[in-house]
Amino acid sequence: MENWSVEQVCNWLKQRNLGELVPKFREEEVSGAALLALNDRMVQQLVKKIGHQAVLMDLIKKYQQQKSGLESLTYCCETASQKFPEVISGATDRQMLNSSDPVEQKKYLCSAENEKGLIDHRVLKQKKNLKLFFARYKTLQWTSSYALPDFPYDVKCILAEKKCPDHSMRIRIIEFLQADMTKYLEGSLYPNSQQYNIVVNALLQAYPFLDEDGNGFLLWKRALKDRFKYVRRPIEDDEQVLRNKYKFGHRRGQTRKSSFAENKLDGVQGQVEKSAHLKGSTMDLHIKWLNQEYMKTQRNWEEVDNRMNVTIEIRRKMISDKAPLKDILRLFPFLRCPYQLFREFQLLTHMDIYKKTVEILEIYSENILSLYVVRNNPINIMLQENLKQHTEEDVLKYMKMTAACLLLPEVFGDDSSLFAAVNEEVKAVTPMLEVKNPFNMNSCAFALYVEREELAQLDDCTMALAALVAAFHVFNIPCPKRIHRTLNFLESLVFEVRNP
């Protein structure tokens, strides 16, 4: 990059979706050397938008880190050839690394560096062969050579269509990224913030349509972090297991091999078979398989979808007959998973509730926050205080969407205590949200409650609002009058009944 011309810098900007900056860079004659010499003050003069400033500085920083990583690798290999010649494998590798000319060594190791700053397979091979050396000299971070994993065939097909995947497919992508990062980290489950950023950047650069109009980075990063949190949950003893199960949707006291739970499950299944006039044990097998699969960490989501399709008739029969919700969830625990809740809603209504909710909040959040009726609301005041602490466009947008979601009942004069409990205890029996620290990016948490029990944990305000609307329909729960206008507004947009 130090030797780039002005035109090469402009082409680089276009490849990084920063084409708007090209005219200014040409006017100021910013070459590669000048680009690397830019400081914060210069960037502010060159670039008007804060988002572009942050992206540009981040790209320059990454290049410099990758360059220093390559130089460190060359130095390490030079040292290794002297101190650890026995770990060098292959005649060609030994000959090159033991060469007396350090220029030749650097040329061998760095010749395959491509324009994206990635290291080719020969360098990765050297890294593998020098395990004993790198155990002592951790100078090259894995992120400088990170490449996306080879996704399964069905995921590749969805990505090839260049369409935003549904929620279940998003979960699969996150699972593969988490597993791949763990391999790069040599089994560690604690990536740092920079490593999260580089992985998500690699994903969005390879598949730009996943960025969702510039709002995808934060959501993918948060989903990836949540996946690592889920995988590394500590399980110390039986009581800790029970607490974790209760936290993630299982009933307190239920264990994997609880005979009491199995007997009760069989009793409920007998009632279901009697009410639906089922013959044989086919439905029994499906329900038992779903319960066993729900207990696993790595789940076969494709088979879960198939078996949920097969059992939908009996499930809808139970709900229409007003069966207790706890019995329904005991037989079909995957309804606690947000994506299955959305999928059930789609099977009933042929509408993608999550996608519609994203559109609603993106379109109406600014209008909602500008209304006089919410100006002095505590939520809005809390929002304004937190907006002053951040400058990133995606963070500000996320905060505004969260505030708009929580302020909806105020706009329509409804009872907000039946909609969301913000930093409070849930008291209503009808579906409602529990929200903790809504504007703290590190500790915010969303959960859906039904009958005062936690049904599902949710990633963000968009998923929370979608799950709330879906729960009323999926479980056929009447809407309280004191929250009717808010839900009617949302349903009119979801089902495109009329212009609100």
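The values are calculated or read from the model by the stated rules, or taken from the named source; none is laboratory data. Keep in mind that this is a model prediction, so the values were computed, not measured. All Cβ positions, glycine included, derive from the backbone under ideal geometry; neighbour counts span all protein chains shown. For the accessible areas, the whole protein counts, side chains as well, though only heavy atoms, and no ligand, DNA or RNA atoms are used. Shrake-Rupley method; radii C 1.70, N 1.55, O 1.52, S 1.80 Å.
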Within segment 399-438, track down each residue that is assigned to a loop (DSSP other than H, G, I, E, B), open to solvent by less than 30 Å² (accessible area, probe 1.4 Å) and among the acidic types (D, E).
D414
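Against the condition at pLDDT 50 or above and not small (G, A, S), how does K106 come out, does it pass?
Details: at pLDDT 50 or above: no; not small (G, A, S): yes.
The answer is no for K106.
Listed here are the residues, each with its yes/no results for (1) crowded, with 18+ Cβ neighbours inside 10 Å; (2) closer than 19 Å to L487 by Cα.
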residue	(1), (2)
K326	no, no
R330	yes, no
R336	yes, no
S370	no, no
V373	no, yes
N376	no, no
Qualifying residues in segment 177-193 (those that are among the polar types (S, T, N, Q) and farther than 16 Å from F217 by Cβ) - the one modelled with the lowest pLDDT
S188
I'd like to know if segment 199-221 contains one or more residues that are modelled with pLDDT under 85, over 26 Å from L458 (Cα atoms) and aromatic (F, W, Y).
no
Neighbours by Cβ (under 7 Å, 6+ apart or cross-chain): first from segment 168-182, in contact (Cβ under 8 Å) with a residue 24 or more places away in the chain; second assigned to a helix (DSSP H, G or I) and among the hydroxyl-bearing types (S, T, Y)
S168/Y339; I171/Y339
Counting only residues that are of a type outside the set (A, V, I, L, M) and in contact with a helix residue (DSSP H, G or I) (Cβ under 7 Å, 6 or more places away or on another chain), how many does segment 1-19 have?
8
Of the numbered conditions (1) among the hydroxyl-bearing types (S, T, Y); (2) open to solvent by less than 50 Å² (accessible area, probe 1.4 Å); (3) modelled with pLDDT under 75, Y196 satisfies every one except a single condition; which is it?
(3)
For segment 19-51, enumerate the residues that are in a helix (DSSP H, G or I), open to solvent by less than 50 Å² (accessible area, probe 1.4 Å) and modelled with pLDDT of 80 or more.
G19, L21, V22, F25, G32, A34, L35, L36, V43, L46
Any residue in segment 450-470 that is of a type in the set (K, R) and at negative phi?
no
